[in-house]
Each structure stands twice: as C-alpha cells, then as structure tokens.
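Student: Input: one structure, supplied below.
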Amino acid sequence: MRSPSLVAFSVDHPRLVVLVSVALSLLAMTQLGRITTDTNPKNMLPETSAVRVGNRQVEQTFRLYEDSIVVGVQSERGVLNQDTLGRILRITDAILQVDGVAARDVSAFSTITNVTAQDGTLHVGPLMPRVPETEAELAALRRQLFDNPLFVDRIISRDGKTAAIHVPLEAGANGKEVADALRRIISREEGGEQFFVAGDPVARDTFGAEMFKLMAVFAPIAGGVMLLIRYLMFRDLFLSFALMMDAMISIVWSMGLLIALGFPIHIMSSMSPVFLMAIATDSIHIFNEFYFRYRETRDKRAAIIATMAAVSRPVRYTALATAAGFAVLVFMSIVPVKVFGVMLAFGTFALRVLSFSFIPAMFTFVPEAHLAKVAGREDADTGWATRLLTGLASLGAGNPRVTAGLALVLLAAAGLGILRLTVNNNMVEWFAEDSTIRTADRVMNEALGGTSLGYLVLATGQDDAMKDPRAMRFMEGLQRHLEGLAVVGKTTSVVDYVKRINRVLHDDDPAFDTVPESAEAIGQYLFLFGMSAKPADLDNVVDYAYRQANITVQLTTWDARAMAEVMAAAADFRQRHSAELPVPVEIRPAGIAYFNLVWNEEVLWDMLKGFSLALVVVLAILVLNFRSLRWALVGYAPLLFTILIIYGAIGFAGKDFDMPVSVLSCLSLGMAVDFAIHFISRLRQRLAESGGLPAGWHRAPAPAPQLLAALVWTAARPGKGILRNAVLFSASFAVMMVAPLTPYITVGVFIVSMMLLSALLTVLLLPALVVLCRGWLFAHEKGLVRP
C-alpha cells in the first residue's frame, strides 16, 4: 500500500480510520486477560539445551536440587549461645513446614548429619537435636562444629559469628515466595541477631517480580513525561494525546498478538511498552514538518498531504531500520529473545502504519484557528533551537577537517575503552548496592563459603573406581587446588566424609584425618556411613556404582566468569595429575553457577552475533533508501561513532558487558541510524527542490554556497525534528535511571546517551563529512547536479 494513498484516504475518512484503530485495539485487549508471565532466566535456554540436560542428569544422579536458599544468622557476640541457638532451632522447625521447601534435606544445626564414634562404633545423627542446656554441652557443640571441616564455612563461620541454614527447594517452587515466607518466620524472632536470606532463586524470582512492578510504574510515567514534553513543544494538547494514542495502540496490538500466540511475558518482553513508546517519538518528524507546511499553505488538507509526501520516505526507512534491528533477534537461538525481537518489530511496523493513517486522521479534527496559532510559533529562521542547530551545522561544514579529525581521535580513545570490556553477568548485582538481597549475598559470602553453587563431576567408566585411594587423593588435591582460587570459598566431596570417618574411628586423632590406604577400608567406611546417614548425604557426593563422584564448589561471587575460573583450574590440575589416577577421569561442570556461565555466554554472544548481522542489515537498508552505497557509508558514520563511543565509555567505566548491555547492542543500531536517514533524505530532497548544484562545483577548492545553504536549512528545519525526537526519546527512558534495579538504570543511561550523542553527531559530523566527501558523493548524482 502506497503511503500517499493511505494518507489521502485517512484525511478523507478520518472517523472511519479512528474507529477501525479503536476496534482493533479493543479486539487485542480481549487477550490481556489470558496473560501469563515467566520470570525464570533458565527458560531463556530451551529444555533441550546441553546445559539444562546435563544439569538434570547430574541432579538425578546425585539427588541434588536445582535451587537452594541460604538463611544466615549473624551475631556479634557469636551464635553459639542458648538464646541464638534456640532461635535457630525454632526457625529451622518452621522452615521445614514451608510449602516448596524440600524439608528432608534442609541443612542446619538441628538437621545436618554429624559423624562421631562411641566405643569404636560409628555413630551418625543430627548435630544438635536440642538446644544445649549447660556450658559443657555448649563446649561440646563448639568442638564438634569447629573440628569438622564439613561444617566450617558451610553452617558455621570460622569466627563463630555467623550460622547458615541451607534450604533446598522442590522443583517448581518460586524463590521469592519461599523467601518471603522465610522472612515472615524470621520476623517473629526478637533478639540481637541479624538475619539474611540469599541465593540464586531469591535474586532471580525477586528480580522477575520487581521487574513487572516497575514496568507497571515506569511505563505510565514515561508516557506522562512524553506527553508533557510534547505539549511544551507544540502547545497542542489534542495532538499530543494523538501521538500518545499512537504509541498506546501499537503497545496493545503487540501485547495482544503475543498473548494470542500463547507466549508468556518474559523478562525481556516486559520492557517492550517503554521501547515502543520511545520508538513512537519518530512520528515527531511528521508533527514538526506539518506545522511548517501549514504555516506556508494555511490549508490543513494540503499541509497534511505535503507533509507526508516530504517525510514519508525517511519515516518509512527509519521504521524499516528500527524493525530490522529488532528482527535480527529472530535468528538468535534463545526463544524469549526471538519473541522480544518479533514483538518489537511488529510494534514498529504498527507504529508506521498508524503514522500514515491514524495521525493524519487526527490532524483533521483540529480547528484551523488552533493550527494557525501553533504554526505561528514554528519558524525555521528564529528561536534558540534553530540557532543551536544551524550553529552546529555551520561549525561542522565550515571546519570539516578539524571536525572529522576530532571525531577520529574520540573514536580511537573509544577503541581503547572497548578493549577493556569484560563479558560477564551477575544477577545479584542487578539490585541496588544497599538492597536487602545484595546485602544478604555480600554478608553471607564474606562470612561463609559462598552462596553460589557449582559442581564438578569426576566420571569414569569403571565400577568402584572412586573407592580407590588414588582417586580419593586426586579429589582431595583438586579440592585444595580449587580452594586456592579467590572466587572459591569451600569445596565438599566424598573425600571429606571418608577422612572424617577415618579420624573418629581412631579416637578422633588428627593424624588419621587422611584418606585410608586401601580401597577395602574406604568401601567399609562408606558402607557403614550409608547405613546410618540420611540417603542424600552419600548420594550427593557419589553414585551407587562408585563410577562418579561429585565435588560441590561454593563460590563467593555470582559472577559468571567465576565458574569459568573453576573449570580452567580443574582442567589444569587434571592435566598435571592425570598420571596419578587408576583410570582415566573426565571432569564435567554442572550446577547453577555453571548454568549462569553458559547462559551468560549463550545470551551475550548471541547478541553479538545479532549485532554483527544488524550492522549489515542496517547498511543494506541505507543503500536501498539512498540508492547509493556512498551516501549509505556517510550516513553510517554517526551510527558507528555513536555505538563505539558509548561502548568505549562503558569499558572505561568498568561496567561489565552483561545481558542488558548486550541486548541494547542489537536494539540500538536501528534507533541510532534514524537521524542520519532523516538528515540525508531531506538534504537531498532540498537540493533537488532548489535546482541542484552547478556542474563541476565539486572540483572547486571550496564547497558551493548552495550546498552550505542546504546543509544549514536541513539542520534548522528537519534538524528541529531530530532534536525534538532525541529529547522525547531520551525523556521516555530517563525515568528508568531512578529505578532500584541496575539493568533499568543501564538501559536508561545507555538510551539517553545514544539518542543525544547520535543527534549531536548527525547535525555536527554529517555536514562535515558531506563537505569533505562532496566530490565523491555528488559525482554521479542525477538530479542533484545541474548539467
């Protein structure tokens, strides 16, 4: 459908266009009651992904849980006193009754397995079945805790001031809901202790819940800010509402389609409303040009038709570039990313359809007298904005070599910043520094072995291989090697149980805190332990056939790269000590820390792949729009400079290249190139309308006056639309900079910086490049150069 025809139809039948738009919106709204949400980042990867399949196999083999929460109890006077221990016991008993908690495997003072010996007989039972009543009993508990490596840094800190309750969750349990239940239990206890609730499911599910709340708050605020700024720009409340309705209709259509197709609202797609509201600001170019046209013609219908004829091409191609930046996400491997890309691409398409139908129709309802009053304030020759824009364009065009040189210096500096970028992800750090979740995680990681769990599975193909003393000593050496890493707080394996049993059966002599010399002794110890302990105690560390053993690695950070360090250290140790093993051993990573590493790499590198693809697609769209590779490359410059400068600044700031930043890398391309499309399209249009440039002028040492005049006009008139678009777009995202979640702050800062910098470079750098490359650009331009 040709845009002018659609525009003419909309102007001639405005009520019908508005009625159809509203009817389709009401139809889409019927789907909103079926909305479902999915806040679990694990679902970013498909069920069949190697990491999810591998983790499930390890969990089944070793009876492990996918998710676990840690409750911390901290007291400056120490936790080993009757009052605090009583509170810990009551809290533990209450936790066992919480829905979603795997009560049988909760580890706390009153539930964890303690291995002792009485008269040469192995005794296995709870560490603290009741609160000690005498000083002697307290002293005995203290000895049992600190003499047992299985307890230190797991349920008791080395200084005795912090205790932990490890709460595994049943499959499907919501971490936030369980955490809230735990906090209610803790709130009933009064004393001098501090309590903390930490763990991946707490951060993950809390972030998901908070994200949806924030979007419900920020989307209306962003809309209100945009409405206010539009009104201040044009002093036309009706048309300001019309542009807001344009955005709201596209949001409703997009959300309705997403829900109708059966997709849940995921972490990424929840941000779509703010993105679509911001993308809708591109229609400001229509408003900007309309008032100029009406000022010239004083005919509403003629002004609308002339406006759309002037801006239709750049508006179409900016929409195409923006949609393409989103649409490339379809080629990614992560389903929610694909859905997000399709949703925004569809929303962008809907916005452009509305730009050529709904907005022209709404213009017709505004009284002529009111239009005349608003249009009277629009002048391409006066005003502070005009002076600023023409000054920037004149500066760039008048000093092209200096302008381009300074831009290249800035680009080189940005390149140094980009080299400092680190690919990493840490969901706990998505919360504010002083948030309860981040505070809890920091305190627990400093006091104990760490809240992030990873597993290293040592796998062989031979039964009973893990009973061999050489295999045990290899595991022990690997554990000590890993514990030398700054990111590892504690490791646990079957070796720790064997050494503990060996010691207690030899009168608790520290000299026997070693691996026995024979496989028979190890087998006997494990058999005795398995007869009395909770099933999970042994199952968590070794499989039934003793072909595989599991080392639990507690990490003191949720940085994705921490698990990469563990895996590298394990591979290095295996290479240096594999000759000591009785049979070949393969070391396989697993656990939530490993999932976060894979998720980090899959999402981030997927986005980089999409970013590279988007670069090519956007360049192709520029070539298609300008019908010239040369003009496309010049128009590409502000985009590349904007993106590279911003990423260089991120590198210098020490900000990780994490999931929010990687998502923006793809989405920013289509949005950052919009201004160059408008500027170059209107510049070429202006040159063609004014009779073009004299033949041979490009060989002259100075640029033709006609070119300089066209550049200044473009900066003053279409440039005003660019400035207004940048301000509106930035304002809609600036509200996110006060959010309590750091990804929202990142998105806000990134988008505001991108839009303002892109607008500046378009008005300043593009004129400089056009003047510098004038011979190359205009040598074969028919219609722009007079014969």
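Student: 7 Å from Cα along Cα→Cβ at both Arg90 and Arg183: what's the point-to-point distance in nm?
Tutor: 2.1
Student: Measure nothing fancy, just the Cα-based angle from helix 560-577's long axis to the longest principal axis of the chain, in degrees from 0 to 90, nearest 10.
Tutor: 50
Student: Turning to a different aspect of this structure: Using a Förster radius of 35 Å, what is the FRET efficiency between Glu137 and Thr436 based on their Cβ-Cβ separation? Nearest 0.05, please.
Tutor: Given R0 = 35 Å and the Cβ-Cβ separation, E is 0.50.
Student: Here's another thing I want to ask about it. Using 5 Å bins from zero, what percent of all Cα-Cα pairs in region 1-135 falls into each bin?
Tutor: Pair shares across the bins are 2, 7, 9, 10, 10, 9, 8, 7, 6, 5, 4, 4, 4, 4, 3, 3, 2, 1, 1, 0, 0.
Student: Put +1 on the Cβ of each Lys and Arg and -1 on the Cβ of each Asp and Glu in region 477-565; which of Val498, Thr556, Ala511 then has its Cα farthest toward the positive end of the dipole?
Tutor: Going by the Cα projections, it comes out as Thr556.
Student: In the chain, if the dipole is taken from +1 on Lys/Arg beta carbons and -1 on Asp/Glu beta carbons about the Cα centre, which of Gly415, Pro367, Val727 is farthest to the positive end?
Tutor: Farthest towards the positive pole: Pro367.
Student: Leaving out ligands, DNA and RNA, what percent of the accessible area of region 101-223 is carbon and sulfur, probe 1.4 Å? Can you show the working numbers first?
Tutor: Working: 2550 of 5160 Å².
That share works out to 50 percent.
Student: Same structure again: Where does region 1-66 land on Rg(C-alpha)/(2.2 N^0.38 Å)?
Tutor: That works out to 2.28 for region 1-66.
Student: Please work out the C-alpha center-to-center distance from region 294-319 to region 722-755 and express it in whole Å.
Tutor: 29
Student: Let me ask something else about it. I want the local charge near Arg188. Using Cβ-Cβ distances under 11 Å, sum +1 for each Lys or Arg and -1 for each Asp or Glu among the other residues.
Tutor: Residues close to Arg188 contribute a combined charge of +2.
Student: So, one more: Need one word for region 438-511: rounded, prolate or oblate. Basis is the Cα gyration tensor (sqrt eigenvalues a ≥ b ≥ c); a/c below 1.5 gives rounded, then a/b vs b/c decides.
Tutor: Because a/c hits 1.5 or more and a/b fails to exceed b/c, region 438-511 counts as oblate.
Student: Heads up, I need the accessible area for Glu586: 1.4 angstrom probe, whole protein in place, Å², nearest 10.
Tutor: 90
Student: Quick one: dipole size for the chain, taken about the Cα centre, charges +1 on Lys/Arg Cβ and -1 on Asp/Glu Cβ, in debye to the nearest 20.
Tutor: Details: 69 positive and 70 negative charges, 1016 e Å.
Its charge dipole is roughly 4880 debye.
Student: On to the next question. Only four residue types carry charge here, +1 at the Cβ of Lys and Arg and -1 at the Cβ of Asp and Glu. Report the dipole size of region 285-429 about the Cα centre in Debye, rounded to the nearest 20.
Tutor: Details: 14 positive and 8 negative charges, 35 e Å.
For this selection, approximately 160 debye.
Student: With the cut-off at 1.5 for a/c, could you classify region 202-260 from its C-alpha gyration tensor as rounded, prolate or oblate?
Tutor: Numbers: a/c = 5.79, a/b = 1.75, b/c = 3.31.
Because a/c hits 1.5 or more and a/b fails to exceed b/c, region 202-260 counts as oblate.
Student: May I pose another question? Just to confirm my numbers, what's the Cα centroid distance between region 160-181 and region 236-261 in Å?
Tutor: 41
Student: Charges on Cβ only, +1 for Lys and Arg, -1 for Asp and Glu, centred on the Cα centroid of the chain; of Leu683, Ala759, His123, which one is farthest towards the dipole's positive end?
Tutor: The one lying farthest along the dipole's positive direction is Leu683.
Student: So what are the three principal axis dimensions of region 216-373 from its Cα atoms, in whole Å, longest to shortest?
Tutor: On the principal axes, region 216-373 reaches 53, 32, 22 Å in Cα extent.
Student: Under the √(5λ) rule applied to the eigenvalues of the Cα gyration tensor, what semi-axes describe the equivalent ellipsoid of region 392-484? Give them in Å, descending.
Tutor: They are 54, 23, 11 Å, listed from largest to smallest.
Student: Next question. Please compute the Kirkwood hydrodynamic radius over region 549-670, one decimal place, Å, based on all pairs of different Cα atoms.
Tutor: 17.9
Student: Next question, about the same structure. How much accessible area per residue does region 236-304 have, in Å², with a 1.4 Å probe?
Tutor: So region 236-304 comes to 28 Å² accessible per residue, rounded to a whole number.
Student: Determine the percent antiparallel among the DSSP beta bridges restricted to the chain, to the nearest 5.
Tutor: Values: 40 of 46 bridges.
Antiparallel: roughly 85 percent of the beta bridges in the chain.
Student: As a quick test, which of the pairs Lys176/Lys609; Lys213/Lys609; Lys467/Lys499; Lys655/Lys720; Lys161/Lys490 have an alpha carbon distance above 22 angstrom in this structure? Don't skip to the end; give the middle numbers.
Tutor: Values: Lys176/Lys609 33 Å; Lys213/Lys609 31 Å; Lys467/Lys499 13 Å; Lys655/Lys720 34 Å; Lys161/Lys490 18 Å.
The answer is Lys176/Lys609; Lys213/Lys609; Lys655/Lys720.
Student: Taking a 1.4 Å probe, which of Glu133, Glu289 shows the most accessible area, and what order do the others take after it?
Tutor: Result, largest first: Glu133, Glu289.
Student: Cα axis of helix 3-12 to longest principal axis of the chain: angle in degrees, 0 to 90, nearest 10?
Tutor: Between the helix axis and the principal axis of the chain, the angle is about 80 degrees.
Student: Going by Cα centres, region 438-484 and region 585-662 are how many Å apart?
Tutor: Between the Cα centres of region 438-484 and region 585-662 lies a distance of 35 Å.
Student: Here's a follow-up. With each label point set 7 Å from Cα along the Cα-Cβ vector, what nm distance links Ala385 and Asp507?
Tutor: 9.2
Student: About its Cα centre, how strong a charge dipole does region 508-626 have in debye, to the nearest 20, once Lys and Arg get +1 and Asp and Glu get -1 at the Cβ?
Tutor: Computed about the Cα centre, the dipole is about 640 debye.
Student: At what distance in nm do the modelled label points of Arg401 and Thr422 sit from each other, each positioned 7 Å from its Cα along Cα→Cβ?
Tutor: Output for this residue pair reads 4.3 nm.
Student: Same structure, new question: Rounded, prolate or oblate: which fits region 49-122 when a ≥ b ≥ c are the square roots of the eigenvalues of the alpha-carbon gyration tensor, with rounded for a/c under 1.5 and prolate only if a/b beats b/c?
Tutor: Note, shape of region 49-122 comes out oblate.
Student: No solvent, one uniform scatterer per C-alpha: report log10 I(q)/I(0) for the chain via the Debye equation at q = 0.05, 0.07, 0.09 1/Å, two decimals.
Tutor: Log10 of I(q)/I(0), two decimals: -0.36, -0.63, -0.88.
Student: Follow-up. Roughly speaking, what % of Cα-Cα pairs in region 219-307 are separated by over 23 Å, rounded to a whole number?
Tutor: Every Cα pair in region 219-307 considered, those over 23 Å come to 35 percent.
Student: Now for a different question. Mind grabbing the accessible area of Trp599 for me, 1.4 Å probe, Å², rounded to tens?
Tutor: About 10 Å², ignoring ligands and nucleic acids.
Student: Can you send over the solvent-accessible area of Thr121, 1.4 Å probe, protein chains only, in Å² to the nearest 10?
Tutor: 80
Student: Determine the share of region 434-544's accessible area contributed by carbon and sulfur atoms, expressed in whole percent, with a 1.4 angstrom probe.
Tutor: The C+S portion of the solvent-accessible surface of region 434-544 is 50 percent.
Student: Ordering Leu723, Leu32 by how much accessible area each has at a 1.4 Å probe, largest first, what is the list? Please report the intermediate quantities before stating the final value.
Tutor: Values: Leu723 45, Leu32 70 Å².
Listed by decreasing accessible area, they come as Leu32, Leu723.
The values are calculated or read from the model by the stated rules, or taken from the named source; none is laboratory data. Predicted model, so just to flag it, every value in this text is computed and none were measured. Don't worry about glycine lacking a Cβ; one is built from the backbone with ideal geometry, like all the others, and counts go over all protein chains shown. Remember, those area values only see protein heavy atoms, side chains included, never the ligands or the DNA or RNA. Shrake-Rupley method; radii C 1.70, N 1.55, O 1.52, S 1.80 Å.
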